[in-house]
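The block underneath contains the structure these notes are about, expressed in structure tokens.
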Amino acid sequence: MRARRQESAVITSTHICEAIASLRDDLIDLTRQLVRHPSVTGEEGSAQAFIAGYWREQGLTVEEWTPVREEIERHPAFCDDDLPVERPVVSARFGEPPPDGIHTLILNGHIDVVPAGERARWSVDPFGAEVRDGAIFGRGSCDMKGGLAASTIAVRACRSLGVAPRKGVLLQSVTGEETGGLGTLSTILRGQRAEGVIITEPTSLALCPVQSGALSFRLRVPGRPTHGAMREAGVNAIEKLWLLWEALRDLETRRHDRFRHPLYEGRGLAAPLSIGRVAAGNWPSTVPEEAIAEGRYGVFPDEETDAARREFEQAVVDACRADRWLSEHPAGVEWFEGQFEPGATDPEAPILGRLAQAHRIGAGRDPVTHGVPYGSDLRLFTRYGKMPAILYGPGDVRFAHAADERVPIEELEIAARVLATLIVRTMEED
């Protein structure tokens, strides 16, 4: 079929630019409203109710549901984040329901955000959505409520131009992405499918069809407690943790020395290993009896997670064997919460070429294409939904999870323009 404009059979890039420009204030306002609905993972209800209401007001067909633990926990990709599974997921359809159940396109975004952290590190209210220096500041503005707003405004622009897709475009606002992808997994189990998926994660408007994996780990390192004044009689668990950390950094180096991938060349670490939380001891003048470290362990795009876990565990075993205390009191390794497998879209997938062309038209320049070193819901679509998916959205991922998180308004506009172009051009090719 062809995209249809009420007054004309042809929708030009000028029409799309004008439509997005006319909705610029709405795009900014929607992003700010989303930020002002705090939605830390596990507490997404208010924000989901807001976006569902917004989509209904725009005349879209909205569907809301809550996953059921008994149904979803049996899936191999399910990650238990120790939070209630029954958290709302929302989707909205633009256009007619596809006869075969396969939509033209899915525009996916997660509504959950990480905690704001220490307020003193922010120069603005983390949930105030302040506009400053051409950007919207606030937790979730970059990761990734700005992308969700851009998708929504792209659909609004298409509706204003009279586009009427018979195979439908789905907007998805999902929960739990930060801790394993509960919401997106539930959309797949619900049967929501499309010829291609765009996940509007912050990529600075680069096309990212490949993602590394990331596995959350916990190390438990034993020590021998004693009075701090008699520390030589004890074993400091923190010092032993440091030995393990050095071994893990060596592991990271060895793994990257053998990794090669064209979409990661010159982009730094493809599968970083880092420790994000450490706890040890129970009294300042006592040698700590245990140190607990939690972190994330990167998995390369062409690597199976079981093999990656075995290599990590072996590195810990080897480091323990090399230490007198740890050889007799080895550290333990636990895998918990987010277990993000890697994922990749075939470089020949039509959606990749279509998005690249839409970017050339909407952004006025050739796109940059590369892989990303973090986990995302992309792998759920590619591995389990058998759908090609691409990460593409406004914002610099370096501001995600950071104080003074922000998203440039210019990138919001470009993303909305590109996504509207993609919808129109895809309709024309059908």
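The values are calculated or read from the model by the stated rules, or taken from the named source; none is laboratory data. Here the structure is a predicted model, which is why all the values come from computation and not from measurement. Cβ atoms come from the backbone with ideal geometry, glycine included; neighbour counts cover every protein chain shown. Heads up: the accessible areas ignore ligands, DNA and RNA and are worked out on the full protein's heavy atoms, side chains in. Shrake-Rupley method; radii C 1.70, N 1.55, O 1.52, S 1.80 Å.
Conditions first: (1) assigned to a helix (DSSP H, G or I); (2) touching a residue at least 60 places away in the same chain (Cβ under 8 Å). Residue 339 passes all but one, so which condition is the exception?
Going through the list (1) assigned to a helix (DSSP H, G or I); (2) touching a residue at least 60 places away in the same chain (Cβ under 8 Å), residue 339 breaks only (1).
From the list 313, 303, exactly one residue is of a type outside the set (A, V, I, L, M, F, W, C) and under 23 Å from residue 243 (Cα atoms). Which is it?
Exactly one residue qualifies, and that residue is 313.
Would you please list the contacts, defined by Cβ atoms under 6 Å and residues six or more apart or on different chains, that run from a residue in region 218-242 that is closer than 17 Å to residue 283 by Cβ and part of a helix (DSSP H, G or I) to a residue that is of a type in the set (Asp, Glu) and open to solvent by 40 Å² or more (accessible area, probe 1.4 Å)?
Listed by first residue and then by second, the contacts come to 237/290.
Can you name every residue in region 145-162 that is hydrophobic (A, V, I, L, M, F, W, C) and open to solvent by 10 Å² or more (accessible area, probe 1.4 Å)?
161
When the residues of region 291-331 are filtered to those that are touching a Pro at 6+ places or on another chain (Cβ under 9 Å) and open to solvent by 40 Å² or more (accessible area, probe 1.4 Å), which remaining residue is nearest to residue 257 (Cα to Cα)?
Per the stated criteria, the residue is 302.
Residue 414 fails exactly one of the following numbered conditions: (1) over 15 Å from residue 196 (Cβ atoms); (2) open to solvent by 20 Å² or more (accessible area, probe 1.4 Å). What is the number of that condition?
Status for residue 414: all satisfied but (2).
I'd like to check which strands (runs of 3 or more DSSP E) are fully inside region 28-144 and have at least 1 residues that are within 19 Å of the chain's Cα centre (by Cα) and buried (at least 17 other Cβ atoms within 10 Å of the Cβ).
89-94, 105-110, 135-137
Any idea how many residues of region 354-378 are assigned to a loop (DSSP other than H, G, I, E, B) and open to solvent by 10 Å² or more (accessible area, probe 1.4 Å)?
The total comes to 9.
When residues of region 155-173 are filtered for being among the small types (Gly, Ala, Ser) and in a helix (DSSP H, G or I), how many remain?
2
Could you check how many residues of region 379-428 are in a helix (DSSP H, G or I) and more than 28 Å from residue 24 (Cα to Cα)?
Number of matching residues: 5.
May I ask you to verify whether residue 195 is open to solvent by 40 Å² or more (accessible area, probe 1.4 Å) and of a type in the set (Asp, Glu)?
Yes.
So, in region 174-187, of the ones that are part of a helix (DSSP H, G or I) and in contact with a Pro (Cβ under 9 Å, 6 or more places away or on another chain), which residue ends up farthest from residue 103 (Cα to Cα)?
Per the criteria, the residue is 182.
Spot the failing condition for residue 334; the list is (1) touching a Lys or Arg at 6+ places or on another chain (Cβ under 7 Å); (2) surrounded by 13 or more Cβ atoms within 10 Å (Cβ to Cβ); (3) under 15 Å from residue 217 (Cβ atoms), and only one is missed.
For residue 334, the failing item is (2).
Could you check region 279-290 and list, in sequence order, the residues that are in contact with a Lys or Arg (Cβ under 7 Å, 6 or more places away or on another chain) and open to solvent by less than 60 Å² (accessible area, probe 1.4 Å)?
287
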